[in-house]
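Student: The structure is given below, and queries will be raised subsequently.
The values are calculated or read from the model by the stated rules, or taken from the named source; none is laboratory data. Remember, predicted model here, so these are calculated numbers, not experimental data. Please note: Cβ atoms are built from the backbone with ideal geometry, for glycine as well, and neighbour counts cover all protein chains shown. Accessible surface is based on the protein model in full, side chains and every heavy atom, while ligands, DNA and RNA are left aside. Shrake-Rupley method; radii C 1.70, N 1.55, O 1.52, S 1.80 Å.
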Amino acid sequence: EKGICTPITSVVLGSILGGILCALHNSNQFSLIRLKIKQAVKEREFKLRNSWNHNPHNKDREDDEVDDDSENVIRRVFFNINALGHFFRRAVTKSHSDMGNENAEEKEDPMVRDVVSGLHAFVNETVLTMLQPSAARKKGPYGEDQTETQLAADLYVSHFSLRRTVVSVSTEDLLELTNLLWIYMQQDTMEEASVKLRKDNDRLLQLLQHMKKNIDSKTPPWTKERHIWPARVHGECHNLTMRTRFLEFHRTEENEPVFCEGSLAPIPCFMAKDSQHDRSKLSKLRVVKPLFTQEGSNAYVELEQLLQDISGSSKDDLKHPIEGSSYTDMQTQFVEIQKQISSDVEEGRVAQSMNEMLQRLEEGKRTIDRIRERSEDEQRLREYIDKSLEDRFEYSVYLKLVKKSIEEITEVYEKYKGHVEKSYMTLNKIHKATETCEIPDEIKIVAESKSERLTFEKAKKKKLRQRRMNPTPAQRVLEQLQSGMTDARQSEELKDKVGMPSRSLMLRELESKGVVVHVHDKIQQDLQRKMCFTFQYKDEGFNVQVFIKTTLLKEFRIHREHIVSMQAGHKVTDIEFGGEDFLRLNCFRLQRLLAWIYAEGAL
């Protein structure tokens, strides 16, 4: 039984422990950990050296003073870490003697071989112990697979995470991955069992096709000598921000989360296999899965339900005990129960609704006759009931796990809600304080008593001077509307209506700022010189109108989704707006322009 855990043991020892320890010495991903190890070694070496030098028992020795040798100690520590990583890897790989290729120079110490074998057996036994169920259950030798339920719960929990998750990928791995995808993009050369990329809406295929425009060869774009090896030497890594709220913008039918057939992980529908694209075959996300009953004869189902209703659900609620071990005994018991119920109904001890039970008992006797006609013995019924009880027990365990997951989701949601409300209140106070630069009288009194000049007073004077000498368009309109108004409530309502940033810029200004990268070729140069772009903030985005004098040429919207993507993956790319290759804008410079418009144009 322990051998069944060998694949998991190989991953733990070879890939996780051995892989990390071997990569710790020279991988850029662990540079901070290397610095911490070096610092810890230096501190430990310093403490030991001081302890030795100040020990009175070492005064009489000639070498009573120990010099600083931290660099050699650090090299030795990293050598031991690397050796330990290779030892873990050796525990899951065959030696030369195991493969019959051992020579005199590569002969392995038998003691090492025994230690490696013992380590592998120990980890196998430990993993098996972790997989075994608790003593209270005693169902089988291995644990219950709760992957699907835990992944479904994590899908909801992850949306309430406020932690910024970043994944670091080396350039070498990205180049290797691109080559692999490039090979599998060649649809004609792919094997039948391979996962084929869909040509209609596969986003990954669209990216590869953009790369293919500049390369004519069918071979992968990155070679070992010119690209991959220099990338390995350089050791550059790329930080990829993973959005936890990945369903915030993608709510269409093709983005509906489903369970992958292979990994059981929740994925968008467009990433699922072609075999899952049929709506009837989609494994939709469900909070609770129904109880799947075992396949069997309807006679067994009816008989089990009848026995359960007659006897009750527990010993304390026992209604009519059934004794015997054969179908004949069961029919006899049904007749006795019918007589007892009929007597109780006639004497008024039970309700008239018990007549329905009499009909069910009669149907139960006929069901037993049908089973006996098929020459099926009583063991088949016992096996069916036993399997049904086992399924219901497993389902109760599943329901407890679902309940625990729902409680976890609720707890995370309440924490998220409280954190958001607290952050909103804090930011609202900061916004009001920095907008008006008003200082409470208590702080002013304390500052004056200690002859301190507060910076907020300087900032308030500069803000008032800026507003008087160079007001923003929104501030100018607000002052005109507020002139002669005495109601403070109406003044606040005007702020909400007026405080929408807006700015108009000519095409040549946007080109000089690097925002506009390309304009459609069919638009003539004299018309391009007259093009004016108006940016109007609305609903966390910007409405953009393109005019030629007073004629509206094009209108499009920069959504919040665009702004979020500009801060992540699209930061160094260009995005097309307006459709039909009308306009291409640089994301980084567009994001900076929108921030500038909002800062300069608001109240």
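Student: Between Leu358 and Ala265, what is the label-to-label distance in nm when each label sits 7 Å out along the Cα-to-Cβ direction?
Tutor: 6.4 nm
Student: Also, quick follow-up: For a quick check of understanding: with a 1.4 angstrom probe and all protein chains in place, what accessible area in square angstrom does Trp596 have, to the nearest ten?
Tutor: Accessible surface of Trp596 is approximately 90 Å².
Student: Given a Förster distance of 35 Å, report the FRET efficiency between Asn255 and Thr93 from their Cβ-Cβ distance, rounded to the nearest 0.05.
Tutor: 0.25
Student: What figure in square angstrom, to the nearest 10, would you give for the accessible area of Phe246 with a 1.4 Å probe?
Tutor: 80 Å²
Student: With every protein chain kept in place and ligands, DNA and RNA left out, what is the accessible area per residue of segment 538-603? Probe 1.4 Å, answer in Å².
Tutor: The answer is 57 Å² per residue.
Student: Separate question: Count neighbours as other Cβ atoms within 10 Å of each site's Cβ, and list the GluC sites (Glu not before Pro) in segment 300-369 that are DSSP loop with at most 16 such neighbours.
Tutor: When the GluC sites (Glu not before Pro) of segment 300-369 are filtered for loop state and at most 16 Cβ neighbours within 10 Å, Glu323, Glu347 remain.
Student: If you roll a 1.4 Å probe over the heavy atoms of the protein chains, what accessible area per residue do you get for segment 395-471, in Å²? The partial results should precede the final answer.
Tutor: Numbers: 6610 Å² over 77 residues.
Heavy-atom accessible area per residue stands at 86 Å².
Student: List every residue whose amide H lies under 5 Å from the amide H of Met506, counting only residues 5 or more places away in sequence or on a different chain, with H placed 1.01 Å from N in the peptide plane.
Tutor: Long-range HN contacts for Met506: Phe533.
Student: Anything over 23 Å Cα to Cα? Flag those among Lys339/Lys365; Lys432/Lys513; Lys36/Lys224; Lys422/Lys461; Lys422/Lys450; Lys432/Lys458, in the order listed.
Tutor: From Lys339/Lys365; Lys432/Lys513; Lys36/Lys224; Lys422/Lys461; Lys422/Lys450; Lys432/Lys458, over 23 Å: Lys432/Lys513; Lys36/Lys224; Lys422/Lys461; Lys422/Lys450.
Student: Restricting things to alpha carbons, find the Rg to Rh ratio for segment 399-457 using the Kirkwood radius for Rh.
Tutor: Details: Rg = 21.4 Å, Rh = 15.1 Å.
Reported Rg/Rh, Kirkwood definition of Rh: 1.42.
Student: I'd like the accessible area for Ser451, computed on protein heavy atoms only with a 1.4 Å probe and all protein chains in place. Round to 10 Å², please.
Tutor: The accessible area comes out at roughly 100 Å².
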